[in-house]
Each structure stands twice: as C-alpha cells, then as structure tokens.
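**Student:** Please find one structure pasted underneath; my questions will follow.
The values are calculated or read from the model by the stated rules, or taken from the named source; none is laboratory data. On a predicted model such as this, the values are computed, not experimentally measured, just so you know. Cβ sites come from the backbone with ideal geometry, for glycine too, and all protein chains shown count toward neighbours.
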C-alpha cells in the first residue's frame, strides 16, 4: 500500500513537473515568436517609411512639373528649372541590361563549374575568391575601373574611356558574386537522383548539366538574376567614377552617360528648392522602376518553380 502511494505521488510530481516545463516552453516559444514578429515589423516599417518619405518629397513635384515632361525630357538644367531625366533613364537601363548580358552567363557558368565540374581543391580556392568580390567596396571597383578599364577603353576605342561600356564592364564584375553564389546553391539543391537518372539513360555529363540540372534549378537561377539586376541598377559610386557623368542620351556604347543614381548622388549635396524636389522625384521613378522590374521577375521566377 505504501509503495502504491509512493508511486502515485511520484507520478503526480512528474506530471506536475512536465506541466510546468511545458508552460515554460510555451512561454519561451511565444516570446521568440514575438521577437520574430517585431523584427519583421521593423523591416516592413522601414520600407514603408522610406517609401512614404521619397514619394512625399518627389510625388508633388512630378504632378506639378508634369510626369510626361519629367520622364521624357531630354535636358537636365537645374539653373534653368529644366528637369528631364530621359537620358538618365536610358543610361540606367542600358548599363543594367549590358551588365546582365555580360555578367549573368559568366556567373552561371562559374556556378556550374563550382558545383558540377571543379575538383574539390580547385573549388575550395575559387569559391572564396568569388565570395571575396562581394566584400570589396564599390568605390574600390570604381577606382579600379578609373585607372585600369577607362584607360584601356580609351587606348582601344578612343573617346577618353569614360563611357557606358566602362559602366557595363564594372557592373558585370560587381554582380558576379551574387549570381555565382545563389546559382551554385540552386544547382546543389537539385536532387542527386536527377543526375544519376540522366547518366543512367546514356547522357553525357555536359548533356546532364545543360538539359537536366540547369532546367531543374531555373527558379533559383532566375532569383540570382533578379538580385543581380537590383545590384546593378542601384549601384552609384563605381558608376560615378567611370561613366563620365554627362546627362545626354548616348548615341553609342562609348559615349559618356549619367545614371539616375549617379544624378542623385552628384547633385543632392548642394541642391535646394525645386532642384532638390526634382532629385527626390528621380528617386521616385527609380523606385517604381525597380519595384516593377522585381515584381515582373518574381512572377517569372514563381512560374519557373511550378
């Protein structure tokens, strides 16, 4: 009888202890969830505040000056209250598009090499070298472009070297770490069975890579392209150093240009009044352009993942 009571008492104590432990665990989990929710709220709030601030400063100017006149205007003369950003829009689009054409194929092929072909010793050397590119400040890229790439372009093609071509080359190098790292992760996430099944059917390694592995990882590769576009179109310092900063519509890839980001960075320090509002309006157009492009590419990415 005493043993039975003792056993029952221990069972009650264990049950009580487990209940307390579960309550403590639940409280801890709720606390962690609250912290995560707070962090997410801060992230969303930051985006909302920045968006509202930019639109509040630039939106009224666009409505007052005229959206068509502002976007399609070919001249930027702040002293004469003439604010046309078409040359900057074309320069931003052309520089980003050219960087994607050059950098994305190189980045994807590098990712394929690291994930599918390279021996482990070579991959262990190449991968940190590529990752190191992401840690280099943009001003260093710009300085390198100014003292190396710009003189080479001037030597080979003339025109001084500061040009849209220099911007494309610099941006193509700058997006490589993003494209390579994300594409490699997407390729490594492809199940091993896909490769083994393809090889078992008689396909070569190259056929397996290009017809099985890359198509299976296309959603991740498209995500890398999206982030690469965001990095390219938002770059400022390197573009300022190598672009030439001439607010004219380029007739060739060797002409001097000024992007929207460069225009804001160069003139915001001394702008005031209507001129400053025009720069904020430029930021509004840039923001809308980037958001629209990201939405479009995210839709393509989601469809590729289906």
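**Student:** Do we have residue 255 as assigned by TED's automatic domain parsing to the domain that holds residue 90, assigned to a loop (DSSP other than H, G, I, E, B) and either buried (at least 17 other Cβ atoms within 10 Å of the Cβ) or touching a residue at least 12 places away in the same chain (Cβ under 8 Å) (or both) here?
**Tutor:** yes
**Student:** Being buried (at least 16 other Cβ atoms within 10 Å of the Cβ), in a helix (DSSP H, G or I) and either touching a strand residue (DSSP E or B) at 6+ places or on another chain (Cβ under 9 Å) or modelled with pLDDT of 85 or more (or both) is the filter here, so list the residues in segment 197-217 that pass it.
**Tutor:** Across segment 197-217, the qualifying residues are 208, 209, 212, 213, 214, 216.
**Student:** Could you check segment 129-147 and list, in sequence order, the residues that are surrounded by fewer than 21 Cβ atoms within 10 Å (Cβ to Cβ), more than 20 Å from residue 105 (Cα to Cα) and under 23 Å from the mean Cα position of the chain (by Cα)?
**Tutor:** If the condition is that a residue be surrounded by fewer than 21 Cβ atoms within 10 Å (Cβ to Cβ), more than 20 Å from residue 105 (Cα to Cα) and under 23 Å from the mean Cα position of the chain (by Cα), then 135, 136, 137, 138, 139, 140, 143, 144 are the ones that fit.
**Student:** If you don't mind, another one. So residue 230 passes all but one of these: (1) surrounded by fewer than 18 Cβ atoms within 10 Å (Cβ to Cβ); (2) in a helix (DSSP H, G or I); (3) over 17 Å from the mean Cα position of the chain (by Cα). Which condition number does it fail?
**Tutor:** (3)
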